[in-house]
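J.: Quick one: the structure is below, and I'll ask about it shortly.
FYI, it's all coordinate maths here, none of it is from the lab. Keep in mind that this is a model prediction, so the values were computed, not measured. Here Cβ is always computed from backbone atoms with ideal geometry, including for glycine, and neighbour counts include all displayed protein chains.
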């Protein structure tokens, strides 16, 4: 045996030591082996579907080991080629990054990075020898068809043809199909426009198709395959929870934890009856966090044992927020004292950090999510999955979404062989039917895969947005000087009409309905924002809550980006954007929701928050005004063309209210 062969054998022996270490399970080694074996002359990309808390970090270590073992004797003994695997997080979060670095530290050949810095990390860590394997964790976060995330990675892979890629997620469906469906629809529009002789629309649709193709992990010439990770018998996940009748549905008003319901009563009965150390995980809309905390205090839970998990949650004092690691330490310190803890998270929270041994004493979870399947199963119920002995915890959540996910796992288990599945059209057809059967929005973040009848666009005539202004209304000032905030006379007239509406009938006073009626006012569109519509995700529209959509519009206008005025108007009841010269979004403590919700009016902290975000003095009523801009002939024609297309269509809705990066990750 030559000296190189001897050194190579020594190097491989170290890799086998890592693979066979006590922290590595056989199912993880098997999943990595199956994934690596799926690579062949035609396949450079593999999607690994692994359930929540099923050991994806261990699988990633095993994948890095498989990559190391695939090197030649010369390469594995070359110190400059020690780093050959790049592990990439889609979510930019320092806690997750630190966790990943800890999880993968036994893989000496792996570098941990994220989408923001991966190019710099490649340059600084790989010493002129580019990585041969890229592992992307939580790949569904890159599924947004407008994202450039995958595009940048794919561009790198195009330049480095000996590099392979593995996408890992418990819910990879959006990564598989969002861009694909966008591509299909754009091509359809382009073909229709060609037939109509509309060259401009055809070119725009073709460009959209090209962007979608660039972001698709299927259309690239990587020969993508899908491998399903089969867990060991010790795993306890959503399918096992369903079989044990541990998942209980939350429907309609029951989702609101602040409202008395039989579901909440059962949740508390379980919590109160539990003996010994334990904890419960509750996920509520951001605006009801304090209400949830007050409820637990009323139920006799010690304030020292209630934790609001967050870093920079708006409307909640900083001292009342706790980072996840501190919560875990506090719980660990209290073990043995028979104390029960409550962890409250907000509706933007997503999966990530593992609760580890705490799962063994989890009492129950509550999740108000009503969005996609991924948003449901990646959240609270997903935190209860894994290799543990706790088969008693109850989970209150969106039951149809959990059932749809469980059935998708059964299908993947039955239809992926040792070499990996490549019949993605068959998978897509199954997922379409599954969403129809369970009446869920979609299997992944921002993705709707349901087939539906095409709805014609009613508000066809389209305009750009002109100028905007943010003005405190100053209802109690006799003659407010609005010229300090705007010189636009239409805006000033609109502010005067809004003031009249508030002051009539001995106002201002809270009201559940206001309207701008009469010929003298029909040029003005008024949107009255109350405590419910301000920041409640359950009340959010396609572009988010009223707070979120306002900030999105202003940010784009500030950056001189095109904003469609029709989206701002959001006309209804026979209205048209063409008839509305000015649109006013009105945040006021005097607007009251007529829904049976806990928070019907905006609070003082809400008004302070929106004032700070919009950079104006705090007031009891703050108005954001938008002017109708120039006529958009191109978009108008595209809408006309859309209305002339066949009635049946496949649609991708990539605007899920839960598709953004969260405020806090757990």
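J.: Distance between the C-alpha centers of segment 591-628 and segment 237-304? Whole Å please.
T.: 30 Å
J.: Can you order the peptides 323-332, 510-519 by their average number of other Cβ atoms within 10 Å per residue, highest first?
T.: The peptides rank, most packed first, as 323-332, 510-519.
J.: Can you tell me, using C-alpha contacts under 8 Å and at least 6 residues apart, the relative contact order of segment 241-365 as a whole percent?
T.: 36 percent
J.: No solvent, one uniform scatterer per C-alpha: report log10 I(q)/I(0) for segment 463-633 via the Debye equation at q = 0.13, 0.18, 0.20 1/Å, two decimals.
T.: Log-scaled intensity ratios, in q order: -0.60, -1.25, -1.60.
J.: Sorted from largest to smallest, which semi-axis lengths in Å does the alpha carbon gyration tensor of the chain give for its equivalent ellipsoid, taking the root of 5 times each eigenvalue?
T.: For the chain, the ellipsoid semi-axes come out as 46, 33, 23 Å.
J.: Expressed as an acute angle from 0 to 90° and rounded to the nearest 10, what is the orientation of the C-alpha long axis of helix 262-273 relative to the principal long axis of the chain?
T.: Here the helix axis deviates by roughly 50 degrees.
J.: When DSSP assigns beta bridges and you keep just the ones with both residues in the chain, what percent turn out antiparallel, to the nearest 5?
T.: Details: 24 of 79 bridges.
Counting DSSP beta bridges with both partners in the chain, the antiparallel share is about 30 percent.
J.: Write down the Å³ per residue value for the convex hull defined by the alpha carbon atoms of segment 235-403.
T.: 109 Å³
J.: Taking Cα atoms, how many degrees apart are the long axis of helix 399-415 and the longest axis of the chain, rounded to 10 and kept between 0 and 90?
T.: The angle comes out near 30 degrees.
J.: Let me have the relative contact order for the chain, percent, based on Cα pairs under 8 Å that are six or more residues apart.
T.: Dividing the mean separation by the residue count of the chain yields 15 percent.
J.: On each of the three principal axes of the Cα atoms of segment 1-89, give max minus min coordinate, whole Å, ordered largest first.
T.: 45, 35, 22
J.: Send over the Kirkwood Rh of segment 456-539, from the inverse of the averaged 1/r over different Cα pairs, rounded to one decimal Å. Provide the component values of the computation, followed by the final result.
T.: Values: mean 1/r = 0.0654 Å⁻¹.
With all distinct Cα pairs of segment 456-539 included, I get 15.3 Å.
J.: Ranked from highest to lowest mean number of other Cβ atoms within 10 Å per residue, what is the order of the peptides 393-400, 290-297, 258-265?
T.: Those peptides, ordered most packed to least, come out 393-400, 290-297, 258-265.
J.: Using alpha-carbon pairs under 8 Å, 6+ residues apart, how would you state the relative contact order of segment 463-633 in percent? It would help to have the intermediate numbers written out before the result.
T.: Details: 281 pairs, mean separation 66.1, N = 171.
Once divided by the residue count of segment 463-633, the mean separation gives 39 percent.
J.: Right, here's the next one. Helix 289-298 versus the longest principal axis of the chain: what is the Cα-based angle in degrees, 0 to 90, to the nearest 10?
T.: Approximately 80 degrees, to the nearest ten.
J.: Now a separate question. What is the Cα coordinate range of segment 3-228 on the first, second and third principal axes, sorted by size from largest, in whole angstrom?
T.: 70, 35, 32
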